[in-house]
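First comes the structure, then the notes that go with it.
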Amino acid sequence: MGPTWLAATLWEPQPWSPRSGDSAAWLGRAPGSSQAPGTESPSVSCRAVGDLGSMALSGPEVEKQVPAEPRPGRKLQSWWSLVFCLCFYGFMAQMRPGESFITPYLLGPDKNFTQKQVTNEITPVLSYSYLAVLVPVFLLTDYLRYKPVLVLQGLSYVSVWLLLLFGSSVLHMQFMEFFFSITMAARIAYSSYIFSLVPPACYQRMAGYSRASVLLGVFTSSVLGQLLVTVGRVPFSTLNYISLAFLTFSLVLTFFLKRPERSLFFNRGAPASAGASPSELDRMNLGQGQPTGGKLGRLPASWLDSVLAHMLRELRRTARLPQLRLWSLWWVFNSAGYYLIVYYVHILWNVVNPTTDTTRVYNGGADAASTLLGAITSFAAGFVKIRWALWAELIIAVVTVLQAGLVFLMYRTSSIWLCYSAFVLFRGSYQFLVPIATFQIASSLSQELRALVFGVNTFLATVLKTIITLVVSDKRGLGLPVRSQFLVYFVYFLVLFVAYVLAALLTGLRHFRQGPRQPPPPAQELMSPMREPAAQDGPAPEDGVRAVGEQRQQPEAKA
């Protein structure tokens, strides 16, 4: 199996939802891809259809790696049936029209929790439990071969809405947040499972279809919820019953999905299929022998230890690349701040607009607008062509100070429409940089190193987010009200802005001190850090990563 299950989700923000705060900018891109966002490789036989952030290898190497598409006949018909089932499930799993209105539901007469309980006792549990289940769910996804984790996700979703409807205590709502964290961590199962059942030649097309189905599900769910509340005057409790019905149906669908026979680590099967190049793990000749394609195909512990040690050594080498360090730090610090804003913005909306008239609550519309703008900005990022080695820090600083201003506006304003607009712009600005960061990090790494780097970045961001939650939000820490929390988050982004400005000044001074350099020609290929210096056509660039859209991935040398 060529692509890694870790790369499919660890280095790709997952579909965003009002509760989870994850982005929809990069779901469904084929794992292991390294082409610039928004571009398409002409050498791949299956082109991306509707994938706003599709990336692919290009060049003759891909033509040798990718087998042909399924031929016409019964096999092709079966393949398209599988695609339809997976995409339909992806759409239905996002149909949660009550999700945008969970906070006013908890604070309203249905549950009658206090704002302090929701802010300082219930919501913080989401960060803690997500950190606790993140790694175990990732490992179980590969060990159990995806489908059981999808079933677990469906059961967890049903548990969330059962607790919302029938729970009455703070403890019940804390368990609700725990089950919601499982659904967040289990999204890896869909984003990686979907590539395990289709031919490698069709990864890009499948990426487009799966991404479109999930985006459509998120958008449709938010719009449907808003229409039911505003036009249909449906109470929040009825909206949650409708969400429970949709989720029960999606749970039933998981039992009819096909279970893959192989996964990356615990159920490897053959190292490389016919016509496909082996993955980085397959190419590591460590003297332990390759695993066989038995029922379980477990790898020897010594083999895994050796592979892990090898990957950590390679990671230490690549960490010396300035651009890799910069964008990894952005991923950790800015992602943590972004998620904190999304976790608590619905509580802030209720403070700014504490209306008892449910028809005047427009959370669903704001969520739908932010989903749409996030998709547009992530798509637009694929067309940005500048010298990121010189201007990256400055661009990040500008976006960060814009985010700080928007957070301050949300903190100060008493207008719910300004608060909605600020959040939509805040999310859109973050989504603009996500695909750029993804490409800048991934383009200089092999498939497995991409999984490792993005996995480490995601885990560190989760740790940082949990620490801030414990100090700022939890009643055992400062226990600040939500407005005061947004003031803290404003200062947080302001500190990040100052750090990026100082880094931009240092980069500019170093550039002018060394004198202007000739920019690389557009056709110059990016060298993989896995290659030995002697094998390169020339000295490696100092930045390690060049401008988006100006290079192709150099075929990796076999380790």
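The values are calculated or read from the model by the stated rules, or taken from the named source; none is laboratory data. Predicted model, so just to flag it, every value in this text is computed and none were measured. Virtual Cβ from ideal backbone geometry, glycine too; neighbours counted across all protein chains shown. When the accessible area is computed, the model is the full protein with side chains, heavy atoms only, and any ligands, DNA or RNA have been set aside. Shrake-Rupley method; radii C 1.70, N 1.55, O 1.52, S 1.80 Å.
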Hits in region 476-495 - residues which are open to solvent by 20 Å² or more (accessible area, probe 1.4 Å) and touching a Ser or Thr at 6+ places or on another chain (Cβ under 9 Å): G477, L478, L480, P481, L494
Close pairs from region 218-240: first more than 13 Å from V361 (Cα to Cα) and open to solvent by less than 40 Å² (accessible area, probe 1.4 Å), partner outside any helix (DSSP H, G or I) and among the acidic types (D, E), Cβ under 8 Å, at least 6 apart: S237/D110
Hey, G405 among the small types (G, A, S), more than 30 Å from G508 (Cα to Cα) and either modelled with pLDDT of 95 or more or assigned to a helix (DSSP H, G or I) (or both) or not: no
Residue ID - nearest to R316 (Cα to Cα), chosen from residues in region 398-453 that are out of contact with any Lys or Arg (no Cβ under 7 Å at 6 or more places or on another chain) and aromatic (F, W, Y): F439
Cβ pairs under 6 Å, 6+ apart, first in region 325-340 and farther than 18 Å from G405 by Cβ, second open to solvent by 20 Å² or more (accessible area, probe 1.4 Å): V332/L460; A336/L464
Conditions (1) among the small types (G, A, S); (2) open to solvent by less than 10 Å² (accessible area, probe 1.4 Å); (3) under 26 Å from Y411 (Cβ atoms); number of the one not met by A451: (3)
Subset of region 425-457 (residues that are within 17 Å of Y489 (Cβ to Cβ), of a type outside the set (F, W, Y) and either outside any helix (DSSP H, G or I) or more than 14 Å from the chain's Cα centre (by Cα) (or both)): L425, S429
Qualifying positions in region 123-132 - crowded, with 20+ Cβ neighbours inside 10 Å and hydrophobic (A, V, I, L, M, F, W, C): V125, L126
Subset of region 167-186 [farther than 18 Å from T462 by Cβ and in contact with a helix residue (DSSP H, G or I) (Cβ under 8 Å, 6 or more places away or on another chain)]: G167, V170, H172, M173, Q174, F175, M176
Any hit, region 458-472, residues being buried (at least 21 other Cβ atoms within 10 Å of the Cβ), of a type in the set (G, A, S) and part of a helix (DSSP H, G or I): no
Matching residues in region 161-182 - criterion: being surrounded by 20 or more Cβ atoms within 10 Å (Cβ to Cβ) and in contact (Cβ under 8 Å) with a residue 60 or more places away in the chain: W161, L164, M173, F180
Candidate set from region 348-394 (those that are open to solvent by 30 Å² or more (accessible area, probe 1.4 Å) and charged (D, E, K, R)); member that is farthest from S100 (Cα to Cα): R387
Residues of region 133-152 satisfying the condition of being open to solvent by 10 Å² or more (accessible area, probe 1.4 Å) and either modelled with pLDDT of 95 or more or closer than 27 Å to I242 by Cα (or both): K147, P148, V151, L152
